[in-house]
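The structure under discussion appears below in the form of structure tokens.
No value in this document is a laboratory result; all are computed from the given coordinates. Computed from a predicted model, the values in this text were never measured in an experiment. Every residue, glycine as well, gets a Cβ built from its backbone with ideal geometry; the counts of neighbours run over all protein chains shown.
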């Protein structure tokens, strides 16, 4: 597994919606769920029940990043609206980059979720990565 999924969501997004959105996102991009290594999001989502349940269901580690770490990332699609509500310029893309992954799929909005996908190099030469 070499992919990292960055997830941002509205408060109270249910597990079923997260599951469906993630599966559709991966399927549309031609990515196998088995290729996921980790989930990443903002520290302010630490108590988000749907996300916690999704991580438990998939067995994937869910990593939380602080505002300082996320805002330090150079993301391609900063959001003024997200910043007004959370103090963050973005969650999904920034969380992928905070994991040390290269952004493969920029943020995609699906209902109550924003998803982004990144690939970890794991020592693989850059030119050999997708």
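Stokes-Einstein diffusion for the chain, with the hydrodynamic radius set to the Kirkwood value over Cα pairs and evaluated at 20 °C in a medium of 1.002 mPa s, equals 148 µm²/s. Look at 105, 4 and count the other Cβ atoms within 10 Å of each Cβ; fewest to most, that gives 105, 4.
Ordering 27-38, 42-53 by mean Cβ neighbour count within 10 Å, with the highest value first, yields 42-53, 27-38. Taking each DSSP H run with n ≥ 4 as -39500 (n - 2.57) and averaging over every residue of the chain yields -9500 deg cm²/dmol at 222 nm. Fully extending the segment from residue 28 to residue 53, taken as 0.36 nm per residue of separation minus the present Cα-Cα distance, adds 6.7 nm. Model label points for residue 16 and residue 66, set 7 angstrom from Cα along the Cα-to-Cβ axis, are 3.9 nm apart.
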